[in-house]
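Undergrad: Right, I'll just put the structure down here and ask away after.
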Amino acid sequence: MKFIRFASDKGPTLGVRQGEEIVDLGIAARGSKLDLATLLAAGQDGLSWVESLIRHASTKAVHHFAEIRPLVPFARPEKIICVGLNYANHIKEAPTPQEVPKYPVIFLRQARTLIAHREALRRPHCSDQFDFEGELACIIGRPAKNVTRETALHYVGGYALFNEASVRDFQFKSHQWTMGKNFDATGAFGPELITADELPPGARDLTLSTVLNGETVQSASTNDMIFDIATLISELSVAMTLLPGDVIVTGTPSGVGIGRTPPLWMKHGDTCTVRVDGFEPLVNPVLDGENTSASSTSSENIRKGTAP
C-alpha cells in the first residue's frame with residue numbers, strides 16, 4: 001500500500017495512492033483522524049481496514065496526485081536515525097581517507113530539518129557547500145528492542161525516499177557531523193510511504209538514483225549497502241527501543257558533490273530528484289536562505305502534527 005500524507009482544507013490528512021489518484025482516507029473514514037504510525041503498528045489488521053475504507057470510498061474522496069500538496073509522511077518522528085558511510089564506493093570519495101566501517105556510523109537528525117515533496121531545500125547563506133545525498137529510508141512499524149538480524153525485518157512498516165542535503169563545510173568543522181546535517185529545511189522526505197509487503201524483503205535489488213537538473217549524479221543498488229536494513233535494525237535496537245514511525249535513513253551511494261573534481265554543489269534555482277524503483281520520485285527545488293514566513297516550511301508541518 002502507498003500512503004501519502006497531504007494538506008486538505010480541514011488540515012493534514014492521510015491518503016492512499018493508486019496510480020495518479022489519491023483516496024482521501026479522512027473523507028472515507030467520515031472525518032476520523034488517522035495516524036500512519038498507528039496504522040503501521042496494527043499490521044495486517046490495519047491494512048485490511050484501510051482496504052475496506054477504499055472499497056467503500058465515495059468519489060468525493062478521490063483526488064489527483066498532481067493537485068494535492070504533499071506533506072512529510074510523519075510530522076514529528078521521535079527518532080530520525082541516519083547512517084553514514086554505508087556504501088563502499090561512497091567511502092572512497094570521502095575528503096579524508098576512511099576505512100570500511102566494522103560497525104554502523106550513526107548520527108541523528110531533528111524533525112525541524114524535514115521538508116516535503118515539492119518544498120524547497122534551503123541553502124543557508126553561510127555556506128556554498130550544499131550537497132545532495134539520495135537515500136532510502138526505512139520506517140519502523142512495530143516496537144523493536146534487542147531483536148535479532150533474522151527477525152528484524154518483521155519490524156519494518158515501510159519505506160520512503162530521503163534527500164539528506166548536507167552543508168559540508170559545517171559537517172567537517174568537527175569530528176561530529178551534527179551541525180552539517182541539521183540545518184533547517186535540508187531533509188527532504190517523501191512523497192509516500194510504501195508498506196514493506198509491496199517491496200522485496202529488506203528493500204533489496206532496488207536501484208537508487210539522484211538526478212540534479214536532469215543529470216543522473218548518483219546510481220547504485222540497495223544491495224550495495226555495507227550494513228543491510230536487517231543489520232541496522234538489529235544493531236540499533238540493542239541501544240534504543242525503536243518505535244512505530246521512527247525513521248532510519250540508510251546511507252547514500254557514491255557520486256555526491258564533495259567527491260567530484262571540481263566539487264558539484266547545489267545552488268539557487270536547481271532541482272534535485274531522488275528515485276527508487278516503484279516509488280513516486282521525491283522532487284525538490286533548491287532556494288537560497290531561510291523561509292522567513294515561518295522560519296522554515298517544515299515548521300508548518302510540525303505545528304500541524306497533531307493530525308496524521
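The values are calculated or read from the model by the stated rules, or taken from the named source; none is laboratory data. What you see is a predicted model; the values in this text were computed from it and never measured. No Cβ is skipped: glycine too gets one built from the backbone with ideal geometry, and neighbour counts run over all protein chains shown.
Undergrad: Cβ contacts < 6 Å: first residue buried (at least 18 other Cβ atoms within 10 Å of the Cβ), restricted to the stretch 147-166; second residue among the basic types (K, R) and not in a helix (DSSP H, G or I), any location; separation 6+ or different chain. Result?
TA: Y155/R142
Undergrad: I need a count of the residues in the stretch 85-114 that are β-branched (V, I, T) and in contact with a Cys (Cβ under 6 Å, 6 or more places away or on another chain). Don't jump to the end; show me each part of the working.
TA: Within the stretch 85-114, the first condition is being β-branched (V, I, T), and the residues that meet it are 91, 96, 100, 105-106, 113.
With the extra rule that they be in contact with a Cys (Cβ under 6 Å, 6 or more places away or on another chain), the set shrinks to none.
The number of residues fulfilling the criteria is 0.
Undergrad: Okay, moving on. What is the residue count in the stretch 27-60 for residues that are over 20 Å from the mean Cα position of the chain (by Cα), free of Cβ contacts under 8 Å to residues at least 60 places away in the same chain and not in a loop (DSSP other than H, G, I, E, B)?
TA: 15
Undergrad: State all residues of the stretch 1-18 that are at pLDDT 95 or above and either in a loop (DSSP other than H, G, I, E, B) or among the basic types (K, R) (or both); if no residue qualifies, say none.
TA: M1, K2, R5, R17
Undergrad: From the list P101, P95, P73, pick out the single residue that is under 22 Å from the mean Cα position of the chain (by Cα) and either modelled with pLDDT of 95 or more or of a type outside the set (A, V, I, L, M) (or both).
TA: On the way: P101 fails: under 22 Å from the mean Cα position of the chain (by Cα); P95 fails: under 22 Å from the mean Cα position of the chain (by Cα).
After applying the criteria, what remains is P73.
Undergrad: Of all residues being part of a loop (DSSP other than H, G, I, E, B) and either among the hydroxyl-bearing types (S, T, Y) or not assigned by TED's automatic domain parsing to the domain that holds A94 (or both) in the stretch 236-258, which is nearest to I80 (Cα to Cα)? Just the residue, please. I'd like the intermediate steps shown before the answer.
TA: Initial filter on the stretch 236-258 (part of a loop (DSSP other than H, G, I, E, B)): 240-241, 243-246, 250-256.
Next, from what is left, pick out any that are either among the hydroxyl-bearing types (S, T, Y) or not assigned by TED's automatic domain parsing to the domain that holds A94 (or both): 241, 250, 252, 254.
On the way: T241: 13, T250: 11, T252: 15, S254: 22 Å.
Of everything passing the filter in the stretch 236-258, T250 is nearest to I80 (Cα to Cα).
Undergrad: A follow-up question, please. Out of all the residues in the stretch 98-105, is one or more within 23 Å of T216 (Cβ to Cβ), surrounded by fewer than 23 Cβ atoms within 10 Å (Cβ to Cβ) and in contact (Cβ under 8 Å) with a residue 40 or more places away in the chain?
TA: From the stretch 98-105, those within 23 Å of T216 (Cβ to Cβ) are none; that's our starting set.
Scanning the stretch 98-105 turns up no residue that is within 23 Å of T216 (Cβ to Cβ), surrounded by fewer than 23 Cβ atoms within 10 Å (Cβ to Cβ) and in contact (Cβ under 8 Å) with a residue 40 or more places away in the chain.
Undergrad: For A185, are the conditions met, namely being surrounded by 22 or more Cβ atoms within 10 Å (Cβ to Cβ) and either closer than 20 Å to P281 by Cα or not assigned by TED's automatic domain parsing to the domain that holds I248 (or both)? If you could, list the steps in order and put the result at the bottom.
TA: Working: surrounded by 22 or more Cβ atoms within 10 Å (Cβ to Cβ): yes; either closer than 20 Å to P281 by Cα or not assigned by TED's automatic domain parsing to the domain that holds I248 (or both): yes.
Yes, satisfied.
Undergrad: Within the stretch 112-122, does at least one residue satisfy the condition of being at positive phi and touching a residue at least 60 places away in the same chain (Cβ under 8 Å)?
TA: We begin by selecting, within the stretch 112-122, every residue at positive phi; these are 118.
From what is left, the residues that are touching a residue at least 60 places away in the same chain (Cβ under 8 Å) are 118.
Taking every residue of the stretch 112-122 in turn, at least one turns out to be at positive phi and touching a residue at least 60 places away in the same chain (Cβ under 8 Å).
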